[in-house]
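S.K.: The structure under discussion is supplied below as structure tokens; questions concerning it will follow.
The values are calculated or read from the model by the stated rules, or taken from the named source; none is laboratory data. Not measured: the values here are computed from a predicted model. Neighbour counts are summed over all protein chains in view; Cβ atoms, including those assigned to glycine, are modelled from backbone coordinates with ideal geometry.
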DNA sequence: ATCCGTCGTCGAAGCGCTTCGACACTCGGC
DNA sequence: GCCGAGTGTCGAAGCGCTTCGACGACGGAT
């Protein structure tokens with residue numbers, strides 16, 4: 001009496017398909033992978049059997065034999081102050097793009113620390129990693145180099161040699177905002193940026209935007225201040241009041257914090273400054289958000305979808321051992337809304 | 001001349017560990033799984049070798065041999081109008097809890113449709129599924145029954161027989177809000193709920209909250225209206241103005257839409273109605289959010305963390321073939337803030 | 001007719017792990 | 001001194017798939 005026999009899983013296996021189609025197991029495999037020529041006739045017979053039996057290849061077996069899990073990791077730190085909706089947009093773009101490349105996405109937060117990345121990578125649970133919310137001096141960067149698996153960063157650390165990074169060109173975005181304001185005659189502008197904690201830990205996009213704003217202001221010889229900006233209404237209110245107390249002649253605002261946009265508008269209203277008559281506002285934020293605000297904001301959208309797609313396709317290229325550029329910065333595009341106007345001619 | 005020899009992966013295998021420790025492969029396996037007794041001495045020797053070699057078990061091989069991937073799927077539809085931050089909170093709670101149970105999380109959006117769920121489940125990529133944003137008549141529910149893998153719903157469909165569901169008791173939450181207002185003497189209340197689209201597709205939590213609000217109002221014989229509520233400021237403003245035009249004697253507001261809270265406050269301010277002197281506001285939303293609003297809101301927090309943890313632990317129980325309750329509803333707790341007060345005695 | 005190159009298919013050897021039965025041992029009870 | 005019941009360890013058989021080499025069959029060139 002057989003003896004060992006573990007119970008069969010219930011799911012049909014490739015052997016079942018082969019038997020049903022009257023071909024060898026390897027033939028079924030080649031039909032599925034397309035790695036060898038198979039006659040039209042055989043292919044159709046096999047495909048019919050597959051459909052009939054409801055066959056789905058076993059992921060574990062496939063990963064084991066092919067040394068490819070067809071899964072990529074999405075590493076999301078989920079720190080305080082991150083812009084949740086933007087992150088979510090990235091995540092969905094990544095999942096969707098990955099599926100187009102026949103890969104699935106494993107979600108990793110960082111609270112397991114470096115050990116988590118090791119476990120995942122060394123255990124061959126994933127073929128490659130996508131790392132989000134990158135800091136200028138990110139501790140994960142050296143780690144990535146030791147993992148022995150391809151990775152792509154969404155964001156740009158200070159030192160990008162040997163890496164593959166994708167992001168919006170936030171430096172340029174900051175410049176573009178200021179230039180737009182300058183073109184409209186504004187001579188004193190302010191950046192209301194990310195929460196202080198985000199700058200403190202050296203998050204790339206915040207620093208780069210600030211640098212861009214300040215650089216453009218300097219070049220055009222306009223006065224500029226950059227302020228961090230928390231996300232709750234009371235804080236924002238205080239900031240704005242304070243800003244206009246110190247610099248009453250401020251007429252241009254760059255806001256890089258979608259959560260702060262509403263409160264900023266409210267605060268300006270409370271100060272009796274109208275948008276755009278008295279103060280022009282440019283936002284760096286997801287497009288949807290800016291579009292539904294009222295007035296419709298002049299903005300530099302963060303193209304989360306594009307970036308996510310790019311990131312995935314770069315990672316796929318690396319998985320296929322193709323060379324990839326170290327840094328891919330998407331050019332910012334400024335969309336004019338109703339929140340900016342020429343500066344009012346002095347009384 | 002070996003011949004076949006594929007290149008070795010580079011990662012040490014269990015065989016390497018066994019050789020290094022001078023034991024059999026199976027012994028290493030038992031040290032790792034604890035499924036058979038191993039002497040202290042041997043265990044330590046093996047563990048030392050593991051650490052020394054930097055061994056991590058290959059996930060695919062393990063999944064194949066044990067028929068357990070140690071991965072669960074998190075199914076997020078990501079439809080319009082979902083409350084992104086809440087969803088994100090769930091997601092991170094799920095990932096964290098899953099790790100505690102030695103599982104990883106595969107992120108699935110629904111844009112691949114039912115086929116995606118089949119692929120994942122039949123291919124044994126995951127051991128079980130966690131399904132979020134459940135509608136009253138969710139098309140995925142019958143599907144889940146056919147997958148042959150355990151699943152847990154975060155949310156509550158109309159028909160929950162044979163399922164396992166976890167959620168906040170939103171019906172009770174609605175009641176609690178109204179009761180709080182009634183206790184403070186309010187006689188006309190309104191619910192500003194989720195966006196219309198959310199009700200239209202029959203999302204459970206929105207309907208259940210509305211039902212709870214209306215039921216409590218009826219029982220306490222106070223007047224109540226329930227309005228859907230979009231997320232952009234202009235819409236909200238119109239709604240609120242309209243509400244008070246029709247029912248100027250409204251003094252209690254239940255808001256179940258964190259994105260709308262700010263605009264609601266602004267609209268009330270614009271109408272010259274102060275919180276809480278003229279109008280009391282109770283929010284159903286994540287705690288963090290309510291806590292940082294000003295005034296600090298009276299709220300029924302959505303305990304995303306708890307729910308996520310519960311969901312995972314129920315799923316783990318199902319994976320272990322233990323019985324689970326069909327419906328687990330967490331009791332709502334109302335936290336008093338500064339946005340509600342006794343109704344002003346009529347002038 | 002013969003030879004060679006292609007095409008389509010097959011069989012078998014793993015991939016790295018878990019798990020089952022077998023097989024020493026040791027130890028207490030009689 | 002022997003038996004039986006644990007203990008601790010080993011060997012081997014898969015898990016379901018991919019991939020490599022082999023090998024007929026066929027067709028065009030010689």
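S.K.: For region B:56-86, which positions are modelled with pLDDT of 95 or more, touching a helix residue (DSSP H, G or I) at 6+ places or on another chain (Cβ under 8 Å) and more than 14 Å from residue B:128 (Cβ to Cβ)?
M.R.: Correct list: B:56, B:57, B:58, B:59, B:60, B:61, B:62, B:64.
S.K.: Still on this model: Kindly provide the set of residues from region A:9-56 that are within 12 Å of DNA strand C (Cβ to nearest atom) and within 14 Å of chain B (Cβ to nearest Cβ), ordered by number.
M.R.: A:13, A:14, A:17
S.K.: Can I ask one more? Residues being surrounded by fewer than 16 Cβ atoms within 10 Å (Cβ to Cβ), near DNA strand D (Cβ under 9 Å from one of its atoms) and part of a helix (DSSP H, G or I): count how many of those fall in region A:7-48.
M.R.: 4
S.K.: Can you tell me which residues in region A:49-98 are more than 31 Å from the chain's Cα centre (by Cα), surrounded by fewer than 18 Cβ atoms within 10 Å (Cβ to Cβ) and free of Cβ contacts under 8 Å to residues at least 40 places away in the same chain?
M.R.: A:51, A:52, A:65
S.K.: Given the residues B:208, B:273, which is the only one that is outside any strand (DSSP E or B) and closer than 27 Å to residue A:261 by Cα? Give the derivation first.
M.R.: Values: B:208 fails: closer than 27 Å to residue A:261 by Cα.
Criteria check complete, one pass: B:273.
S.K.: Considering A:197, A:226, A:218, which residue is farther than 18 Å from residue A:271 by Cβ, surrounded by fewer than 23 Cβ atoms within 10 Å (Cβ to Cβ) and in contact with a helix residue (DSSP H, G or I) (Cβ under 6 Å, 6 or more places away or on another chain)?
M.R.: Of the residues listed, the single one that is farther than 18 Å from residue A:271 by Cβ, surrounded by fewer than 23 Cβ atoms within 10 Å (Cβ to Cβ) and in contact with a helix residue (DSSP H, G or I) (Cβ under 6 Å, 6 or more places away or on another chain) is A:226.
S.K.: Consider region A:119-130. How many of its residues are more than 7 Å from chain B (Cβ to nearest Cβ) and either free of Cβ contacts under 8 Å to residues at least 40 places away in the same chain or within 19 Å of residue A:321 (Cα to Cα) (or both)?
M.R.: Residues meeting the conditions: 6.
S.K.: Determine, yes or no, whether residue A:140 is surrounded by fewer than 18 Cβ atoms within 10 Å (Cβ to Cβ), closer than 26 Å to residue B:51 by Cα and either away from every other protein chain (no Cβ under 14 Å) or at pLDDT 90 or above (or both).
M.R.: Here the answer is no, as residue A:140 does not meet what is asked.
S.K.: Cβ-Cβ under 8 Å, sequence separation 6+ or interchain: first residue in region B:300-311 and part of a loop (DSSP other than H, G, I, E, B), partner crowded, with 22+ Cβ neighbours inside 10 Å. Which pairs?
M.R.: Taking only residues 6 or more apart or on different chains, the pairs are B:302/B:168; B:302/B:284; B:302/B:285; B:303/B:168.
S.K.: Limited to region A:215-234, what total is found for residues that are at negative phi and without any contact (Cβ under 8 Å) to a residue 24 or more places away in the chain?
M.R.: Total meeting the criteria: 3.
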